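Structure record follows, encoded as structure tokens.
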Amino acid sequence: MRALNRPWLLLVLLAPAAALFLLLTVYPLARVFLLSFAASDHGFEGARFVGLENYAELLQGRSFRRAAWNTAFFALVATVAEVLVGLGLALLLDRAFAFRRALTLVVLAPYVLSTIVVAAIWRAWFHYDVGFLNNTLRALGLDGVPWLFDPNIALLSIALADVWQNAPFCFLILYAGLRSVPPELYEAARIDGAGAWLRFRDITLPLLLPYLFVAALMRTLDAFKLFDKVYAMTGGGPGNATETLSMHVHRLAFRFFDIGLASAAAVAMILVAGTLGAAYAVQLLRSEAR
């Protein structure tokens with residue numbers, strides 16, 4: 001233990017991790033940041049400094065604004081739905097009843113699937129002619145729905161698939177929060193005559209707030225980076241109805257080879273994600289300080 005107090009030994013032990021951090025995190029971020037001020041089609045070679053032109057072009061472009069709106073809309077809808085579904089599942093499975101453990105395994109199953117598998121499952125269910133959802137609607141005497149081809153509902157359809165896959169993640173966080181509530185509080189409330197709604201409002205909900213915040217923030221961060229589901233299910237279409245910021249960066253960089261503009265869009269994404277991440281870090285530090 002005394003050896004660990006020597007500064008040179010700490011530096012030697014931390015050097016490999018610091019080198020990896022500089023190589024894999026700082027260098028790519030610095031490269032993207034510098035390229036965002038250049039006109040370039042593949043990198044620094046032949047790049048021309050253009051100042052803030054790329055950022056001005058992004059803000060004036062309808063496709064970037066549409067991608068930003070799609071990303072914000074998806075993150076809001078998916079996060080709210082996943083937290084609410086996760087809360088409902090946690091409240092249900094916190095009770096004792098037959099087959100609770102089996103039902104818990106069924107609830108968690110979608111979360112262990114890869115995103116590509118989830119996208120393939122929901123693409124099959126969303127199929128207009130032979131999909132499970134439209135076959136069910138037709139069996140009930142209703143018309144089929146163009147889930148992935150109608151610009152007005154395509155993004156909501158992808159959000160539905162995201163909720164199915166990631167609501168179990170919120171369930172795990174909120175279930176852990178419920179198990180940490182002292183049962184004596186509920187017993188005292190019952191003795192005082194408080195019903196189920198009052199116990200939920202005055203005991204469960206206040207004590208779950210830190211867990212709700214963590215679940216919502218982590219799902220918002222993940223939803224903000226949405227790429228794989230959109231790429232696999234719609235490719236950003238129809239038109240650009242489901243194109244998110246990640247898809248927009250991908251299209252600029254690898255279809256149009258406008259590396260400077262793609263770097264500026266990536267920097268904008270990093271700023272928003274960094275702000276959300278800082279909020280998460282502040283919440284963690286506050287929790288540890290209590």
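The values are calculated or read from the model by the stated rules, or taken from the named source; none is laboratory data. Computed from a prediction, not measured in an experiment: that's the story for all the values here. Counting neighbours? That spans all protein chains shown, and the Cβs are built from the backbone with ideal geometry, glycine included. Just so you know, the surface numbers come from the protein's heavy atoms only, side chains and all, with ligands and any DNA or RNA stripped out. Shrake-Rupley method; radii C 1.70, N 1.55, O 1.52, S 1.80 Å.
With respect to Gly177, is the statement that it is over 26 Å from Asn70 (Cβ atoms), in a loop (DSSP other than H, G, I, E, B) and out of contact with any strand residue (DSSP E or B) (no Cβ under 7 Å at 6 or more places or on another chain) true? Step through it out loud before you land on a result.
On the way: over 26 Å from Asn70 (Cβ atoms): yes; in a loop (DSSP other than H, G, I, E, B): no; out of contact with any strand residue (DSSP E or B) (no Cβ under 7 Å at 6 or more places or on another chain): yes.
Against the criterion (over 26 Å from Asn70 (Cβ atoms), in a loop (DSSP other than H, G, I, E, B) and out of contact with any strand residue (DSSP E or B) (no Cβ under 7 Å at 6 or more places or on another chain)), Gly177 does not qualify.
Run down Leu217, Leu205 and say which single residue is of a type in the set (A, V, I, L, M), under 19 Å from Val77 (Cβ atoms) and assigned to a helix (DSSP H, G or I).
None of the others qualify; the one that does is Leu217.
For the subset of region 243-290 comprising residues that are outside any helix (DSSP H, G or I) and open to solvent by less than 30 Å² (accessible area, probe 1.4 Å), which member is farthest from Leu52 (Cα to Cα)? Even if it seems obvious, please write down each step before you answer.
Just the residues of region 243-290 that are outside any helix (DSSP H, G or I), to begin with: 243-244, 255-258, 290.
Pick out the ones that are also open to solvent by less than 30 Å² (accessible area, probe 1.4 Å) and you get 243-244.
Details: Glu243: 24, Thr244: 23 Å.
Of everything passing the filter in region 243-290, Glu243 is farthest from Leu52 (Cα to Cα).
Scan region 169-176 and tell me whether some residue there is more than 24 Å from Val282 (Cβ to Cβ) and in contact with a helix residue (DSSP H, G or I) (Cβ under 8 Å, 6 or more places away or on another chain).
For region 169-176, residues more than 24 Å from Val282 (Cβ to Cβ) and in contact with a helix residue (DSSP H, G or I) (Cβ under 8 Å, 6 or more places away or on another chain): present.
Just one of Leu108, Leu137, Leu185 is within 18 Å of the chain's Cα centre (by Cα) and either of a type outside the set (Gly, Ala, Ser) or open to solvent by 70 Å² or more (accessible area, probe 1.4 Å) (or both); which is it? Before the answer, list the steps.
Numbers: Leu137 fails: within 18 Å of the chain's Cα centre (by Cα); Leu185 fails: within 18 Å of the chain's Cα centre (by Cα).
Selected residue: Leu108, the only one of Leu108, Leu137, Leu185 that is within 18 Å of the chain's Cα centre (by Cα) and either of a type outside the set (Gly, Ala, Ser) or open to solvent by 70 Å² or more (accessible area, probe 1.4 Å) (or both).
Scan region 188-202 residue by residue and report those that are in a helix (DSSP H, G or I) and open to solvent by 60 Å² or more (accessible area, probe 1.4 Å). So that I can check it myself, show each step before the final result.
Within region 188-202, the first condition is being in a helix (DSSP H, G or I), and the residues that meet it are 188-191, 196-202.
Once the filter is applied, which keeps residues that are in a helix (DSSP H, G or I) and open to solvent by 60 Å² or more (accessible area, probe 1.4 Å), region 188-202 yields Arg190, Ile191, Ala196, Trp197, Leu198, Arg201, Asp202.
With region 1-86 as the region, which helices (runs of 4 or more DSSP H) entirely inside it contain at least 1 residues that are open to solvent by 100 Å² or more (accessible area, probe 1.4 Å) and over 25 Å from Leu276 (Cβ atoms)?
On the way: elements: 7-21, 27-35, 53-60.
Counting at least 1 such residues, we get 7-21, 53-60.
Run Arg62 past the list (1) of a type in the set (Lys, Arg); (2) closer than 30 Å to Ala159 by Cα; (3) over 25 Å from the mean Cα position of the chain (by Cα) and report the number of the one that doesn't hold.
Result: Arg62 fails condition (3) only.
Which of the residues belonging to region 161-177 are open to solvent by less than 10 Å² (accessible area, probe 1.4 Å) and either under 13 Å from Leu207 (Cβ atoms) or among the hydroxyl-bearing types (Ser, Thr, Tyr) (or both)?
Leu174, Gly177
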